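The values are calculated or read from the model by the stated rules, or taken from the named source; none is laboratory data. Note that the coordinates shown come from a computational prediction; the quantities given were computed from them, not determined experimentally. Ideal geometry is used to build each Cβ from the backbone, glycine not excepted, and the neighbour counts take in all protein chains shown. Calculation scope for accessible area: heavy atoms of the full protein, side chains included, ligands and nucleic acids excluded. Shrake-Rupley method; radii C 1.70, N 1.55, O 1.52, S 1.80 Å.
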Amino acid sequence: MLAADAEEVRVGKEIDEIDRRMDRLKAKIREVDEAVASNGGKNCGWTAEDHASFLRLRTKHGNNVRKQAFLNDALVNFGYMTEEDVRSHIERFTTWGTLEAEKKELLEEYSKLKEEKKAKQLALLKKEEETKKTKVTEEKKKVVTKEEMEERKKKLEEWKRRKTATVEIEQEKRVKEELEKKKEREEKEKARKEALARQVAEYKEMKEIQKIKEAEREEFKRAVEKKPLGQGDLERLKMREDSLVRKKQETLAQRQAKDLEKKEREQKLMEQRKHNFAYVPSKLDNPTKASASAKRDKFDPREGTAGRAATFGGVLLPGGGRRVPNWRQGM
């Protein structure tokens, strides 16, 4: 029994030592975070868009930011910054990388200590449960006194407390797993948004470049227009105009050939239809009942006055004459 108690005390001291080491690691991690913040944060003092452009240039040059070619390319992309600004950002980025590596090592060490602490706590609880079972077995062999009952009650309460601690550790483990999954989802979403932001930035950059190139072309065009044309320029322009005329003529000839081919196909189709339906007599010239009735009503005064034709010269008289308008009477 004394050996079990000594083992428990030893494990408790080891757990206390692990707690002290974890506290020291937390302090170091806070110091690293403060150093990162003083260095300008994750963007090293620049805006997120400028820093993203810097990272693309760094990837383009094989992560070698010390060579002159990278510096020249950066000065072209960041025309509103000086060489000193770019060099300062390179130093800040290098410092940030060192701090992030240090923080990663500290976090890994902290995680290992935390897992070691949990393992020792679980082993201690398991040992205590085994000791408890052994004690219960031994106590059953002897007469249980009132003092022993009180002692057992206290130890049972202690065991319940430790059991609760075990449950809390398991709950903490589950919460940690859920937080890690949530963090992973957030990181994926963040990466997706960053990729989308990079695409938008690249699109804007491409549009700006196109705008600049268009302005340069316009400026060159104006400069060329202002420059007096020589004999060679006039000959080139004449050749270009002749080439355009030939192309237009060829296009027109092709279009006319297509139209002619289309008309020939339509003509052949019409001839085929006429040949197929030649045995059917045409009734287009046969008068219909409606046309015959309309003709009769219009020109036969015996069928009433409703069908009389109204003309510019007046209504036809029943006798066959034509009424003279008022404005022509007496002329």
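Observations on the structure shown:
- Test: residue 152 is within 30 Å of residue 126 (Cα to Cα), modelled with pLDDT under 85 and either surrounded by 11 or more Cβ atoms within 10 Å (Cβ to Cβ) or in contact with a strand residue (DSSP E or B) (Cβ under 8 Å, 6 or more places away or on another chain) (or both): yes
- Leading residue by the ranking (modelled with the highest pLDDT) among those in the stretch 37-60 that are within 15 Å of residue 74 (Cα to Cα) and aliphatic (A, V, I, L, M): 52
- Identity of the residue in the stretch 79-108, more than 27 Å from residue 29 (Cα to Cα) and assigned to a helix (DSSP H, G or I), that ends up nearest to the chain's Cα centre (by Cα): 86
- Residue that is within 37 Å of the chain's Cα centre (by Cα) and closer than 28 Å to residue 121 by Cβ, where the choices are 30, 56: 30
- Within the stretch 1-27, residues that are open to solvent by less than 90 Å² (accessible area, probe 1.4 Å) sit with their Cβ atoms under 6 Å from residues that are aliphatic (A, V, I, L, M) and at pLDDT 75 or above, at 6+ positions apart or across chains, in these pairs: 11/124; 18/113; 21/113; 22/113; 25/106.
- Lone qualifier among 210, 256, 199, 249 - being open to solvent by 100 Å² or more (accessible area, probe 1.4 Å), within 23 Å of residue 54 (Cβ to Cβ) and assigned to a helix (DSSP H, G or I): 199
- Inter-residue pairs, beta-carbon under 7 Å, first in contact (Cβ under 8 Å) with a residue 24 or more places away in the chain and in the stretch 165-180, second among the basic types (Lys, Arg), 6+ apart: 169/118
- Members of the stretch 77-89 that are under 16 Å from residue 49 (Cα atoms) and surrounded by fewer than 14 Cβ atoms within 10 Å (Cβ to Cβ): 79, 80
- Filter result for the condition that a residue is touching a residue at least 60 places away in the same chain (Cβ under 8 Å), of a type in the set (D, E, K, R) and open to solvent by less than 40 Å² (accessible area, probe 1.4 Å), over 100, 128, 116: 128
- Against the criterion of being closer than 30 Å to residue 163 by Cα and open to solvent by less than 50 Å² (accessible area, probe 1.4 Å), residue 135 qualifies.
- Residues (in a helix (DSSP H, G or I) and within 20 Å of residue 39 (Cα to Cα)) located in the stretch 56-78: 58
- Any chance residue 187 is part of a helix (DSSP H, G or I), under 30 Å from residue 77 (Cβ atoms) and open to solvent by 70 Å² or more (accessible area, probe 1.4 Å): yes
- Residue count for the stretch 47-74, restricted to those that are under 14 Å from residue 94 (Cα atoms) and surrounded by 15 or more Cβ atoms within 10 Å (Cβ to Cβ): 4
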